[in-house]
Amino acid sequence: MSELPVPGVRAGHWTGAGTGVTVIMLPDGTTGSAEVRGGAPATREIELLSPRRVVDQVDAVVLTGGSAFGLATADGVMSHLADRGRGYATAAGPVPIVPTAAIYDLVESDGRRPGPDEGRLAAIAADDDVPFATGRVGAGTGATVGKWRGREFAVPGGLGVAHARVGDAVVVVVAVANAVGDVVGADGRVLAGSTAPPDAESFPTPRPFQEGNTTLVVALTDGRLDKNACELVAGSCHDGIARALHPAHTRFDGDLSIALATGTVDVHLDRLRATVIDTVAAAIRHGATSGAAG
């Protein structure tokens, strides 16, 4: 199986021409919450993750290309899960809970976008006995970064993974770097960013939506967290985004984080949140540098 370091979590990709889908399959009892800080998100079922909403378990998460069109990939994942009897129990049968977020990659894909069939294929791939690939694969296929001085100066982004430990708990972050800003290292050095000449204008006017962007982050742990704690962890993810991207959280980004907890070991919440910040930054840097290499 394509397992991530959190026990019971599997992940798979479907990769097409300039776009793709990544599905993270979760064990029963996984709790989650989310936070959106970017100005242009494309999402599905994210509001359901609020601690104020009744559903408190998540079956899978989908990261996809195709902008808002790509949100249809969740239909295929839901069907795949329903066939296995997974989902929120209702009188008419289980309804799988599948939060989904999309990046804008329609320029890179020449308008091609994934749909339900591609979502199902990515979910099926999570059961393949292969390592989980990073770089220009899955949802990171059409990702780009460094567009703040014009799209013509952008460079490839990608999908990255980083992990750490907090006591007995594991933390794993999957990030898709598709940002207006540059990806920067801990020392401030640009790792992947605009190739514009020094005298190029910052944020040229007008800024058309086809230069759309979104950095997506999923933070997973086997720690025991309720939805309120997951919401706090999701907020900390954005500190990691701000460390790895400059500028971050612009009006033209749909930056979003989802925090998930499988709940098998005890974990100190504040230590976890501090660790997540560094791990998110590392995953974004890994995605962008892997994308450039691939």
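The values are calculated or read from the model by the stated rules, or taken from the named source; none is laboratory data. Predicted model only: the values in this text are computed from it and were never measured. Methodologically, a virtual Cβ is constructed for each residue, glycine included, from the backbone with ideal geometry; neighbour enumeration extends over all protein chains shown.
Within region 95-112, the only residue that satisfies the criterion of being surrounded by 23 or more Cβ atoms within 10 Å (Cβ to Cβ) and either over 15 Å from the mean Cα position of the chain (by Cα) or of a type in the set (K, R) (or both) is I97. Restricting attention to region 13-39, which residues are β-branched (V, I, T), part of a strand (DSSP E or B) and touching a helix residue (DSSP H, G or I) at 6+ places or on another chain (Cβ under 8 Å)? Once the filter is applied, which keeps residues that are β-branched (V, I, T), part of a strand (DSSP E or B) and touching a helix residue (DSSP H, G or I) at 6+ places or on another chain (Cβ under 8 Å), region 13-39 yields T15, V21, T22, V23, T31. Taking region 254-294, which residues are closer than 16 Å to A34 by Cα, in a strand (DSSP E or B) and not small (G, A, S)? The answer is L256, I258, L260, T262. Consider region 32-82. How many of its residues are in contact with a strand residue (DSSP E or B) (Cβ under 9 Å, 6 or more places away or on another chain), more than 14 Å from R113 (Cα to Cα), among the hydroxyl-bearing types (S, T, Y) and surrounded by fewer than 24 Cβ atoms within 10 Å (Cβ to Cβ)? Going through region 32-82 one residue at a time, the tally reaches 2.
Only one of these is buried (at least 20 other Cβ atoms within 10 Å of the Cβ) and either modelled with pLDDT under 95 or of a type in the set (G, A, S) (or both): G87, G135. Name it. The conditions single out G135.
The set of residues from region 188-222 being out of contact with any Phe, Trp or Tyr (no Cβ under 9 Å at 6 or more places or on another chain), of a type in the set (D, E) and at pLDDT below 95 comprises D199, E201. The set of residues in region 143-174 being closer than 11 Å to V276 by Cα and either basic (K, R) or in contact with a His (Cβ under 8 Å, 6 or more places away or on another chain) (or both) consists of A162, R165, V166, V170, V171, V172, V173.
Residues in region 218-253 that are closer than 17 Å to A34 by Cα and touching an Asp or Glu at 6+ places or on another chain (Cβ under 8 Å): G223, R224, D226, K227, E231, A234, G235, C237, H238, G240, I241, H249.
When you look at P5, is it at pLDDT 95 or above and either in contact with a Cys (Cβ under 9 Å, 6 or more places away or on another chain) or assigned to a loop (DSSP other than H, G, I, E, B) (or both), yes or no? Judged against the criteria, P5 is not a match.
Matching residues to (1) of a type outside the set (D, E, K, R); (2) under 27 Å from G142 (Cα atoms); (3) in contact with a Cys (Cβ under 7 Å, 6 or more places away or on another chain):
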| site | (1), (2), (3) |
| --- | --- |
| R37 | no, yes, no |
| Q57 | yes, no, no |
| V61 | yes, yes, no |
| L81 | yes, yes, no |
| R84 | no, no, no |
| I97 | yes, yes, no |
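The residues of region 256-277 that are charged (D, E, K, R) and touching a helix residue (DSSP H, G or I) at 6+ places or on another chain (Cβ under 6 Å) amount to a single one, R273.
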